[in-house]
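*Asks:* Have a look at this one.
The values are calculated or read from the model by the stated rules, or taken from the named source; none is laboratory data. Predicted, not measured: the structure shown is a model, and the values here were computed from it. Note that each Cβ is placed from the backbone with ideal geometry, even for glycine, and that neighbours are counted across all protein chains shown.
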Amino acid sequence: MNENFTTYANSFQAVAKLRLEGITCLLEILGNPHNKTKCIHIAGTNGKGSVCVFLQSILSASGKKTGRYISPEMLDIRERITIDGEKISQDNLDQLMATVKDAAEKASTTLGEMPTQFEIWTAAAFLYFYQQKCDIAVIETGLGGTHDATNVIEKPLFSIITRIAMDHMNYLGDTLCDVASAKAGIIKDGCPIVTLEQDEQAMKVITDAAKQSGCEIHLISEAKSHLHQDIYEQFSYKNIENISLGIGGYNQIENASLAIETALALGISPEHIKEGLKKANHIGRFEKLSEKIIFDGAHNPNGVTALIKNLERYYPQAKKTFICGFMEDKDLGGIFKLLSNYKDSDFYAFTVQGNPRAMKNIDIQKSAAKYGINMIAVNTVNDAIKKAAKDELVIICGSLYTYKDIKF
């Protein structure tokens, strides 16, 4: 495969292009594989990746060959395209990208430019799931919904919308209605929707879109939390008792409920649902890296709210150190307002490495100071880990892009 194309396709896309022209052109050249595989499409602000993992694990447990497309990856770019939880092999990826490269070069003639990295990977995922004869593909949106490259799916089995909150405002708009409208863009005529009881403004957007498109809405029911083993929850949902989750955090009950509701509508048995949820694994989501280090990808106020609830539930007495790195488009005011309840804790700010969107540690430090948080600026996440007190619980948060750099 052409090394220049590989470098381009695997490089970080600093500026999103919210359009459908590029992916549509690319997929037409490839024979429109996205129309030949049944898909479940997932949008929302927080929890998309976890819902994807839960749902793929459930469907795979039921015997369905299930593809999953997510972004970003945490450690290995092959994580973006999986079947039944297994990453695409390097040989298969090389062959797949060679085919997509030829199509991308043809598309560039029509578009006047090369398709974006996200368009290339999205097209590759659809093609691979078709080639591998997947029964179902679970597809996560990249950014928003309406103009996201994944939104070429014409007739999803279900459109799942996770919790909606303010994030990526520079792309999606400055109000919750704007953000919800972008997410609701994945709703298609006559295709059922699975969601939760959202904030009133967001709920109205979804309800109006559903009525206009003639879609039935499946709202999740209230789950009954029983207890937790370490950071892993056990609960009941409808008539399914003693469900155990393989992903840590109280907020995962909500994400799991979205997956369960979808699975029940597909006729999946309670036994397979329980099996899939217990086997599910999703790194970087309230993950214990060690007994004293927690990593959580929380990068907006909604995510940080969930993080705080988890800390209060599982580690109420522990002394805490927070290590934070963010992208420059994040609502740091909203985040530090929440974290100011811990202002007597140690805080470290670092610059996420190798990412042009990363906020400088000094700017993070200045934002925190406005909320009474005395932050120490360090160069890297590992510098902060070395400085953290050994007897305190260390929480690393702010960006999923940090995960690959952590070493201790």
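*Asks:* Does the range 43-76 hold any residues that are polar (S, T, N, Q) and touching a strand residue (DSSP E or B) at 6+ places or on another chain (Cβ under 8 Å), and which are they?
*Replies:* Answer for the range 43-76, where residues must be polar (S, T, N, Q) and touching a strand residue (DSSP E or B) at 6+ places or on another chain (Cβ under 8 Å): 45, 46, 56, 60, 66, 71.
*Asks:* While we're here: Scan the range 51-79 residue by residue and report those that are under 27 Å from residue 202 (Cβ atoms), surrounded by fewer than 24 Cβ atoms within 10 Å (Cβ to Cβ) and of a type in the set (S, T, N, Q).
*Replies:* Listed by number, the list holds a single entry, 71.
*Asks:* Quick check on my filter: what residues within the range 277-329 are assigned to a helix (DSSP H, G or I), touching a Leu at 6+ places or on another chain (Cβ under 8 Å) and within 21 Å of residue 361 (Cβ to Cβ)?
*Replies:* Within the range 277-329, 301, 304 qualify.
*Asks:* Looking at 269, 340, 290, can you tell me which residue is farther than 18 Å from residue 408 by Cβ, in contact (Cβ under 8 Å) with a residue 40 or more places away in the chain, among the small types (Gly, Ala, Ser) and surrounded by fewer than 20 Cβ atoms within 10 Å (Cβ to Cβ)?
*Replies:* 269
*Asks:* Identify all residues within the range 100-154 that are basic (Lys, Arg) and either in a loop (DSSP other than H, G, I, E, B) or closer than 21 Å to residue 262 by Cα (or both); write none if there are none.
*Replies:* 133, the sole residue that qualifies.
*Asks:* Can you tell me which residue is surrounded by the fewest Cβ atoms within 10 Å (Cβ to Cβ) among those in the range 316-337 that are under 30 Å from residue 229 (Cβ atoms) and over 23 Å from the mean Cα position of the chain (by Cα)?
*Replies:* My answer is 317.
*Asks:* List the helices (runs of 4 or more DSSP H) that sit entirely inside the range 1-93 and contain at least 1 residues that are acidic (Asp, Glu).
*Replies:* Of the helices (runs of 4 or more DSSP H) lying wholly inside the range 1-93, those with at least 1 residues that are acidic (Asp, Glu) span 3-10, 21-29.
Matching residues to (1) under 24 Å from residue 311 (Cβ atoms); (2) surrounded by fewer than 16 Cβ atoms within 10 Å (Cβ to Cβ):
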position: 202; (1), (2): no, no
position: 212; (1), (2): no, yes
position: 229; (1), (2): yes, yes
position: 242; (1), (2): no, yes
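*Asks:* Inspect the range 136-145 for any residue being out of contact with any Cys (no Cβ under 9 Å at 6 or more places or on another chain), more than 16 Å from residue 209 (Cβ to Cβ) and among the charged types (D, E, K, R) and give the result as yes or no.
*Replies:* Within the range 136-145, none of the residues are out of contact with any Cys (no Cβ under 9 Å at 6 or more places or on another chain), more than 16 Å from residue 209 (Cβ to Cβ) and among the charged types (D, E, K, R).
*Asks:* Another question about this same structure. Report, ordered by the first and then the second residue, all pairs with beta carbons closer than 6 Å, sequence separation of six or more or different chains, a first member in the range 97-108 that is farther than 13 Å from residue 122 by Cβ and not assigned by TED's automatic domain parsing to the domain that holds residue 80, and a second member that is loosely packed, with under 15 Cβ neighbours inside 10 Å and modelled with pLDDT under 95.
*Replies:* Pairs found: none.
*Asks:* Let me ask you something else. Considering 120, 139, 153, 164, which residue is buried (at least 23 other Cβ atoms within 10 Å of the Cβ) and in contact with a strand residue (DSSP E or B) (Cβ under 6 Å, 6 or more places away or on another chain)?
*Replies:* Only one candidate passes the filter, namely 139.
*Asks:* Something else about it: With 224, 274 as the choices, which residue is of a type in the set (Lys, Arg) and surrounded by 17 or more Cβ atoms within 10 Å (Cβ to Cβ)?
*Replies:* Of 224, 274, the one residue that is of a type in the set (Lys, Arg) and surrounded by 17 or more Cβ atoms within 10 Å (Cβ to Cβ) is 274.
*Asks:* Would you confirm, using the coordinates I've provided, whether residue 194 is aliphatic (A, V, I, L, M), within 21 Å of residue 33 (Cα to Cα) and in the same structural domain as residue 12 (by TED's automatic domain parsing)?
*Replies:* no
*Asks:* Hey, could you check the range 124-142 for residues that are among the hydroxyl-bearing types (Ser, Thr, Tyr) and within 21 Å of residue 29 (Cα to Cα) and say which is nearest to the chain's Cα centre (by Cα)?
*Replies:* 128
*Asks:* Inspect all residues belonging to the range 333-343 and state whether any of them is closer than 17 Å to residue 298 by Cα and not in a helix (DSSP H, G or I).
*Replies:* No, the range 333-343 contains no residue that is closer than 17 Å to residue 298 by Cα and not in a helix (DSSP H, G or I).
*Asks:* Something else now. Looking for something out of contact with any Asp or Glu (no Cβ under 9 Å at 6 or more places or on another chain), of a type outside the set (D, E, K, R) and within 25 Å of residue 41 (Cβ to Cβ) - is there at least one such residue anywhere in the range 334-352?
*Replies:* No, the conditions are met nowhere in the range 334-352.
*Asks:* Moving on to the next point. Looking only at the range 65-96, which residues are under 15 Å from the mean Cα position of the chain (by Cα) and over 16 Å from residue 139 (Cβ atoms)?
*Replies:* 74, 75, 77 - these are the residues of the range 65-96 that are under 15 Å from the mean Cα position of the chain (by Cα) and over 16 Å from residue 139 (Cβ atoms).
*Asks:* Next question. Given the criterion loosely packed, with under 14 Cβ neighbours inside 10 Å, at negative phi and not charged (D, E, K, R), identify the matching residue among 175, 195.
*Replies:* Of 175, 195, the one residue that is loosely packed, with under 14 Cβ neighbours inside 10 Å, at negative phi and not charged (D, E, K, R) is 175.
*Asks:* If only one of 313, 357 is at negative phi, surrounded by fewer than 20 Cβ atoms within 10 Å (Cβ to Cβ) and modelled with pLDDT of 95 or more, which one is it?
*Replies:* Of 313, 357, the one residue that is at negative phi, surrounded by fewer than 20 Cβ atoms within 10 Å (Cβ to Cβ) and modelled with pLDDT of 95 or more is 313.
*Asks:* When you go through (1) touching a Gly at 6+ places or on another chain (Cβ under 9 Å); (2) free of Cβ contacts under 8 Å to residues at least 12 places away in the same chain one by one for residue 234, which number turns out not to apply?
*Replies:* The failed condition is (1).
*Asks:* Identify all residues within the range 168-197 that are assigned to a loop (DSSP other than H, G, I, E, B) and either under 18 Å from the mean Cα position of the chain (by Cα) or of a type outside the set (S, T, N, Q) (or both); write none if there are none.
*Replies:* Selection gives 168, 173, 174, 187, 188, 189, 190, 191, 192, 196, 197.
*Asks:* A follow-up question, please. From the list 391, 363, 383, exactly one residue is part of a loop (DSSP other than H, G, I, E, B) and not assigned by TED's automatic domain parsing to the domain that holds residue 74. Which is it?
*Replies:* That would be 391, the only listed residue that is part of a loop (DSSP other than H, G, I, E, B) and not assigned by TED's automatic domain parsing to the domain that holds residue 74.
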